[in-house]
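The values are calculated or read from the model by the stated rules, or taken from the named source; none is laboratory data. Given the structure is predicted, the values throughout are model-derived calculations rather than measurements. No Cβ is skipped: glycine too gets one built from the backbone with ideal geometry, and neighbour counts run over all protein chains shown.
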Amino acid sequence: MKTIEEAFRNSRNFWDDQEPENGHFERFSVKLELRRQSMAPKRSIVPYLLRAAVVTLLVTLSSLWTWDHFIRPDSKRMTLGQISPQYKEVENYYIHQVSLMQEEIVNTDIQNSPEQKEMLISELKSMDSVYVSLQKELKANPNDERIISAMIEHYQTKLEVMTYIVDQLKAISIDNTNTEENEKVTL
């Protein structure tokens, strides 16, 4: 190696007396940049797409698992509508009638005691706990006619009770109205 270095040092005057052509440094820079670009590793979009797909898959699966284990409503219960279309009609009828009666109870004015109204509403909700247990039993035995008839009877009984309550509340309201009118007349 020393011989090559010595050869260059000795012939330095030969190389140093000439200047490169015009634009040499610009051409050299362009060639150097092209070589640098060709040497740079090529980036592919495939790894990024694979990462995005994996993340999307994980998020979807974890969401489904969360929904199935924590959020899904009534996963342990079964309704009459899930048995057959005829039972679905029956269930929809009773649900509609019960909701109408419940609205009447809520809208009925119990002047002397709002606590009684709250108590009525809580008692009606406690009746629903029986129905929830029937739904769970139906999930375990979907073809058991006894459970199906018990669920229909529950709706009928609840509707009868609610009708009786509404009638009694209306009678109390009428009595209160008549009493107030009688008091106004006597004054």
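Worth a mention:
- Whichever residue in region 92-117 is among the hydroxyl-bearing types (S, T, Y) and over 20 Å from T79 (Cα atoms) and, among such residues, is surrounded by the fewest Cβ atoms within 10 Å (Cβ to Cβ): S113
- Those residues of region 118-154 which are surrounded by 12 or more Cβ atoms within 10 Å (Cβ to Cβ) and outside any helix (DSSP H, G or I), in sequence order: N141, P142, D144
- The residue list S44, S62 contains one member that is polar (S, T, N, Q) and at pLDDT below 85, which is S44.
- Count - residues of region 82-117 that are modelled with pLDDT under 80 and in a helix (DSSP H, G or I): 7
- Matching residues, region 65-81, being over 22 Å from A140 (Cβ atoms) and at pLDDT 75 or above: W65, T66, W67
- Of all residues making up region 151-177, the number that are farther than 17 Å from I121 by Cβ and within 32 Å of the chain's Cα centre (by Cα): 4
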